[in-house]
1. Taking Rh as the Kirkwood radius computed over C-alpha pairs, what is the Stokes-Einstein D of the chain at 20 °C in a medium of viscosity 1.002 mPa s, expressed in µm² per second?
2. Give me the one-decimal nm value for the distance between modelled label points at Thr89 and Gln106, 7 Å along each residue's Cα-to-Cβ direction.
3. What's the exposure ranking of Leu348, Leu682, Leu201, going from fewest to most Cβ atoms within 10 Å?
4. Can you give me the Cα centroid spacing of the range 194-243 and the range 1-54 in angstrom?
5. Using only the Cα atoms of the range 445-553, build the gyration tensor, take square roots of its eigenvalues as a ≥ b ≥ c, and label the shape rounded, prolate or oblate: rounded if a/c is under 1.5, else prolate if a/b is larger than b/c, else oblate.
6. Can you give me the C-alpha center-to-center distance between the range 436-488 and the range 146-169, rounded to a whole angstrom?
7. Measure up Lys298/Lys451; Lys492/Lys602; Lys208/Lys679 against 24 Å on the Cα-Cα distance and list the ones that go over.
8. Based on the Kirkwood radius over alpha-carbon pairs, what is the Stokes-Einstein translational diffusion coefficient of the range 301-391 at 20 °C with 1.002 mPa s viscosity, in µm²/s?
Amino acid sequence: MELAHRDITYCKNVGAKRADILRSELGVCTAMDLLRQYPYKYIDRSRFYRIAELDDEDTYVQIVGEITEWHTIGIGKAQRLSATFFDGTHQCELVWFKGVQYVKLQRGVKYLLFGKPSRFNHIYNFVHPELTPWDKVTPEMTQGLEPYYNTTEKMKRIGLNSKALRSIIVEMLPEIKKGVPDTIGADVLQKYRLMSLTDALISVHFPKDTLSMQNARARFKFEELFFIQLQILRQMKRRELNPGFSMPIVGTRFHTLYKCLPFELTNAQKRVIHEIHDDLKSGKQMNRLLQGDVGSGKTLVALLCCLLAVDNGYQTCIMAPTEILANQHYETLKTFLKPLGDTVHVSLLTGSISAKNRIPIHNGLMNGTIHILIGTHALLEDAVQWKNLGLVIIDEQHRFGVAQRAKLWTKNQTPPHILVMTATPIPRTLAMTVYGDLQVSVIDELPPGRKPVQTIHYSLQRRAQVYSFVRKQIQDGRQVYVVYPLIKESEKMDLQDLQNGFNELCEAFPEYKISMVHGQMKAADKDLQMQRFASGETQILVATTVIEVGVNVPNASVMIIQNAERFGLSQLHQLRGRVGRGADQSFCILLTDNELTSDTRKRMDIMVATNDGFRIAEADLQLRGPGDLEGTMQSGTPFDLHIANLATDGQLLTLARQAAMEILEKDPLLEDEMNRIYKHRLDILRISQSYNWGEIS
Ligand code: ADP
Ligand code: MG
């Protein structure tokens with residue numbers, strides 16, 4: 001029977017008990033499932049080291065030599081065995097803490113030592129090494145690259161370690177060699193110079209050399225990314241067949257605002273508005289991602305797009321992640337819209353609006369007198385019904401968890417156009433995966449005249465210096481943010497820190513007024529404090545990250561971030577984006593402990609080195625890995641990657657996307673006979689796509 005259909009229970013070296021564990025721990029049900037467990041590392045067993053060659057950072061090595069001396073220390077459980085290993089010129093130390101009674105050592109015998117060295121007091125030592133008498137060393141043991149497989153505690157408990165998995169896979173080798181049906185067509189394999197599945201399985205589990213192992217892995221990475229792209233792009237193609245509202249008119253409201261703007265739009269803003277308008281008039285539903293760095297002017301683009309829709313007779317909404325931000329958008333839009341008089345009606349709907357005050361809003365939406373609705377996820381409630389919602393703009397989307405996606409329109413209605421705006425740039429590879437079914441527009445230009453924020457990294461000890469700098473800035477008429485971390489797990493402590501920080505600042509600056517906002521406050525109190533700061537009544541705003549997204553107080557020129565080591569890179573960048581919005585030189589001061597991990601140091605260095613959100617997003621991906629990034633992120637990565645890595649496999653991703661696109665361009669729904677293998681494989685893989693913007697429901 002084909003390996004893909006052979007029950008793992010009946011494979012050699014498995015049996016019922018192991019099969020159960022393989023199923024429950026790894027989801028391995030068939031022989032092929034096990035073959036799809038790619039090794040997570042390889043150790044080169046063809047290479048023999050000399051002790052003199054060892055490097056601090058060395059991973060596993062093997063050395064030939066003999067034991068010259070050994071002794072045990074302690075008794076019972078605390079016993080420890082220590083031996084000296086000599087390779088002819090140098091010596092190192094071998095140590096066992098566990099199972100000491102089972103270690104049998106002999107003098108004058110040649111051994112193969114295998115393990116991971118570490119350095120202590122100028123001497124290398126190996127803890128719990130593998131020690132094999134030379135006459136027991138088989139040729140296979142020292143042949144080429146030895147694969148290592150992931151296992152779990154439960155697996156190890158029944159002896160299913162990496163070696164055991166390998167012994168099961170070894171038994172499958174003859175079967176693999178007979179040839180397995182490929183999951184990728186021959187034309188694609190050839191065009192992208194990929195190994196066949198048969199060759200790749202052999203080379204990934206039994207690599208001849210590093211090159212063939214890497215080629216095999218590249219094939220599997222490509223395959224993984226290819227099917228994800230095929231799924232994403234198929235969804236996109238399917239949607240392209242759906243009709244959307246047609247909005248061809250560029251009308252008076254749009255033109256009036258455009259003419260009244262106090263500044264010229266940047267070229268990037270103009271380009272993006274064109275791209276969006278092309279979608280709006282296409283007669284098909286728009287699904288677009290708008291990327292732009294902090295301060296690049298996304299809000300205004302959003303507003304102009306709303307007016308395009310309104311001029312065509314449709315209603316629009318903008319969803320913001322927090323009440324503060326929704327309020328602020330509301331105020332900003334109202335200010336911009338003043339010249340339009342009562343030709344445009346904007347309304348605000350957030351959780352803190354009373355039931356009584358919601359009634360006129362609900363009515364206005366139903367009868368079409370409200371043109372633009374700004375709000376938080378309160379917009380998603382069932383009671384909110386529209387006359388003709390034509391465009392939905394989701395601002396700083398990543399704050400919306402999957403759970404918050406609710407119905408904005410009913411299934412059999414024409415879906416509105418969707419524009420998703422990100423708070424900070426997203427790395428290219430992540431955008432292609434997480435937002436891969438969206439068209440992308442990028443604002444890659446900041447409005448002219450902005451002075452880049454100057455970023456400084458200080459240790460907490462230099463607080464006095466920071467305070468005197470703050471005083472000087474305030475004397476010059478500026479305002480200052482001081483941000484404290486707030487993380488759910490330590491909420492109480494963090495709030496205490498915030499309160500202490502507030503008290504300390506009150507003592508240090510008795511002559512100034514200070515506001516404080518945090519997530520636990522009532523919306524009305526938060527608002528009041530924000531307003532006091534925005535209007536200049538208070539000079540310092542002490543806050544948690546509630547102010548992270550979107551807040552706009554141009555006169556604030558200093559952003560102080562306490563315990564900056566507790567923030568992610570894109571969060572730091574987003575916070576920094578709160579200053580540098582006015583004409584003055586602005587500053588961001590990152591305060592950290594003296595003792596930093598190398599990761600933290602790198603993050604601080606990047607922040608100091610660049611203001612470019614796209615570079616920061618890339619660095620974030622490199623440092624933290626895709627699963628952990630903010631943005632996708634709160635709700636976990638939407639795709640489980642087993643072998644590909646979005647931080648390092650960007651090139652393969654581009655190729656995989658191209659290959660998928662080529663297939664779908666000719667056959668959008670994968671209906672051709674020759675594409676059956678792909679359709680079939682997608683059914684098996686059932687790649688979940690939790691981010692399906694077009695059908696938020
Ligand atoms: P973000 O992209 O971070 O949401 P905003 O939309 O908040 O940025 O814009 C930041 C500031 O820049 C706002 O005060 C906005 O009015 C201003 N702005 C937007 N576009 C321009 C422009 N073309 N020229 C000058 N200022 C602009
Ligand atoms: Mg914004």
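1. Values: Rh = 29.5 Å.
Answer from the Stokes-Einstein relation: 73 µm²/s.
2. 2.8
3. Values: Leu348 21, Leu682 16, Leu201 25.
Lowest to highest Cβ neighbour count: Leu682, Leu348, Leu201.
4. Centre-to-centre (Cα) distance: 20 Å.
5. Values: a/c = 1.33, a/b = 1.16, b/c = 1.15.
Rounded.
6. 50
7. On the way: Lys298/Lys451 19 Å; Lys492/Lys602 29 Å; Lys208/Lys679 33 Å.
Checking Cα-Cα distances, Lys492/Lys602; Lys208/Lys679 exceed 24 Å.
8. Numbers: Rh = 13.0 Å.
This corresponds to a translational diffusion coefficient of 164 µm²/s.
Taken together, the values in this text are just the output of simple stated rules run on the coordinates, not laboratory data. Note that the structure is predicted; figures quoted are calculated from it, not measured. Here the Cβ is made from the backbone with ideal geometry for all residues, glycine too, and neighbour counts use every protein chain on show.
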